[in-house]
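Single-structure report; data block below.
The values are calculated or read from the model by the stated rules, or taken from the named source; none is laboratory data. Predicted model, so just to flag it, every value in this text is computed and none were measured. Glycine also receives a Cβ, built like all others from the backbone with ideal geometry; neighbour counts cover every protein chain displayed. Keep in mind that these areas ignore ligands, DNA and RNA; they rest on the heavy atoms of the full protein, side chains included. Shrake-Rupley method; radii C 1.70, N 1.55, O 1.52, S 1.80 Å.
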Amino acid sequence: MKVKMLSRNPDNYVRETKLDIQRVPRNYDPTLHPFEVPREYVRALNATKLERVFAKPFLASLDGHRDGVNCLAKHPKSLTTVGDDKTVKQWKMDGPGCGEEEEPLQTILGKTVSTGIDHHWKDPIFATCGQQVDIWDEQRTSPVCSMNWGFDSVCSVKFNPIETFILGSCASDRNIVLYDMRQATPLKKVILDMRTNTICWNPMEAFHFTAANEDYNLYTFDMRALDTPVQVHMDHVSAVLDVDYSPTGKEFVSASFDKSIRIFPVERSRSREVYHTKRMQHVICVKWTSDSKYIMCGSDEMNIRLWKANASEKLGVLTSREKAANDYNQKLKEKFQYHPHVKRIARHRHLPKSIYSQIQEQRIMKESRRRKEMNRRKHSKPGSVPVVSERKKHVVAVVK
């Protein structure tokens, strides 16, 4: 004979101590909770407001330089530097011993002045750029190979972290050139309207890279189809000087001449965050740390500043209840992100007066150009004034 009986586990409803919260079973039937959606909306609104209240991204300012900070680099194993004296020096990462002087491990004398350097992600190889792109072996004093395309100087060179035999460079003649180390020849180049200051490869997407341009925009390209950018990122009001990806490959940070840095999602054209201070001047370089939590930037007034990648993130160890509350609030904000009040609060950022006025001025100029183009198309022969998308406006030509 079978006997049916109820079984209750005390661990599910009995508190361990008197300080714990009472565990109450809940029925999730929606008919029993008719006000669940309005209640969640209020919670999402409050979570969005609290996120903006606790958004304090600035952490520290590292001073010590006697002039503007022009370059930042990150590499776990080696440090390689270039100077205006045509030398390339390799340094050891650990400091000198007691009574020892800091000396480079190796000094290489080049034929031309180098304006940029980048180390291979796996092999003991590094690349320098100046009048040409040189590939060096750490054990040799002469370049393994030299590549050039055109006669203008190359201002930046970067290795692809995934397809490690491919590197990209940008020159002062508005070109972005891709090279293949296996053949020691250039692959292709794209010519833009204005000069590109630097590029950065996506660490998760092998064929994608983002270029920081002088026309206030950033362009994300697929190297297989350079005739049209994948995305145009617009929010800066002055030339973009540097760009760096997060280790996740989902976001990147840009530094601009307008005294601010912005964080862009890869798939969106507008920034999700903007950082600025009263004393920060033109931001020359920016890097995203390898743990994806912090951002470093160097600017003209001799300081290196440290920021949080997520402005409202709490630093330190979180309890399980804090983690659960953060996850719950994040899901609520995602659920109601398109509601007008939540969207307005989440998007609002305080901007300096100079940036705000330049944004208004550029908006008027853009509307004027759009109106002029519409009038020209309206009073011209049908088809004589074609409609050109924003992504194709800035690409002049692709040369293979």
message: Out of everything in the stretch 13-54 that is more than 30 Å from residue 347 (Cβ to Cβ) and of a type in the set (Ser, Thr, Tyr), what residue ends up being most open to solvent (accessible area, probe 1.4 Å)?
response: 28
- request: For residues that are surrounded by 13 or more Cβ atoms within 10 Å (Cβ to Cβ) and either of a type in the set (Val, Ile, Thr) or over 22 Å from residue 259 (Cβ atoms) (or both), tally how many sit in the stretch 311-327.
  value: 5
query: Under the condition of being of a type in the set (A, V, I, L, M, F, W, C) and part of a loop (DSSP other than H, G, I, E, B), which residue from the stretch 227-238 is surrounded by the fewest Cβ atoms within 10 Å (Cβ to Cβ)?
result: 230
message: So, in the stretch 211-226, how many residues would count as being part of a strand (DSSP E or B), open to solvent by 10 Å² or more (accessible area, probe 1.4 Å) and in contact (Cβ under 8 Å) with a residue 24 or more places away in the chain?
response: 1
message: If a residue must be open to solvent by 60 Å² or more (accessible area, probe 1.4 Å) and in a helix (DSSP H, G or I), how many such residues does the stretch 328-338 contain?
response: 5
message: residue 104 - would you say it is farther than 24 Å from residue 295 by Cβ and modelled with pLDDT under 75?
response: yes
message: Going residue by residue through the stretch 182-202, is there one that turns out to be in a loop (DSSP other than H, G, I, E, B), of a type in the set (Val, Ile, Thr), out of contact with any Phe, Trp or Tyr (no Cβ under 8 Å at 6 or more places or on another chain) and surrounded by fewer than 21 Cβ atoms within 10 Å (Cβ to Cβ)?
response: no
- prompt: What single numbered condition from (1) modelled with pLDDT under 85; (2) not in a loop (DSSP other than H, G, I, E, B) fails to hold for residue 122?
  reply: (2)
- request: Would you check which residues across the stretch 107-143 are among the hydrophobic types (A, V, I, L, M, F, W, C), open to solvent by 40 Å² or more (accessible area, probe 1.4 Å) and more than 24 Å from residue 200 (Cβ to Cβ) and list them?
  value: 109
task: Output the residue which, of all residues in the stretch 120-160 that are farther than 17 Å from residue 183 by Cβ and among the hydroxyl-bearing types (Ser, Thr, Tyr), is nearest to the chain's Cα centre (by Cα).
output: 156
task: Just name the residue that is surrounded by the most Cβ atoms within 10 Å (Cβ to Cβ) out of those in the stretch 239-294 that are farther than 16 Å from residue 309 by Cβ, of a type in the set (S, T, N, Q) and in contact with a His (Cβ under 8 Å, 6 or more places away or on another chain).
output: 256
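Residue-wise test of (1) touching a residue at least 24 places away in the same chain (Cβ under 8 Å); (2) farther than 30 Å from residue 262 by Cα; (3) part of a loop (DSSP other than H, G, I, E, B); (4) touching a helix residue (DSSP H, G or I) at 6+ places or on another chain (Cβ under 8 Å).
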{"position": "11", "(1), (2), (3), (4)": "no, yes, no, no"}
{"position": "24", "(1), (2), (3), (4)": "no, yes, yes, no"}
{"position": "38", "(1), (2), (3), (4)": "no, yes, no, no"}
{"position": "55", "(1), (2), (3), (4)": "yes, no, yes, no"}
{"position": "60", "(1), (2), (3), (4)": "yes, no, no, no"}
{"position": "65", "(1), (2), (3), (4)": "yes, no, yes, no"}
- line: Within the stretch 347-384, the residues that are closer than 30 Å to residue 278 by Cα, of a type outside the set (S, T, N, Q) and in a helix (DSSP H, G or I) are 347, 353, 355, 356, 359, 361, 363, 364, 365, 366
- line: Picking from 185, 228, 198, the residue that is within 26 Å of residue 149 (Cα to Cα), among the polar types (S, T, N, Q) and within 18 Å of the chain's Cα centre (by Cα) would be 198
message: Can you find a residue that is closer than 27 Å to residue 303 by Cβ, out of contact with any Pro (no Cβ under 9 Å at 6 or more places or on another chain) and either of a type in the set (Lys, Arg) or in contact (Cβ under 8 Å) with a residue 40 or more places away in the chain (or both) anywhere in the stretch 269-277?
response: yes
- request: Any residue in the stretch 284-295 that's closer than 8 Å to residue 242 by Cβ: show its pairings with residues that are assigned to a strand (DSSP E or B) and at pLDDT below 90 at Cβ separation under 6 Å, as long as the two are six or more apart or on different chains.
  value: 284/298; 285/298; 286/297
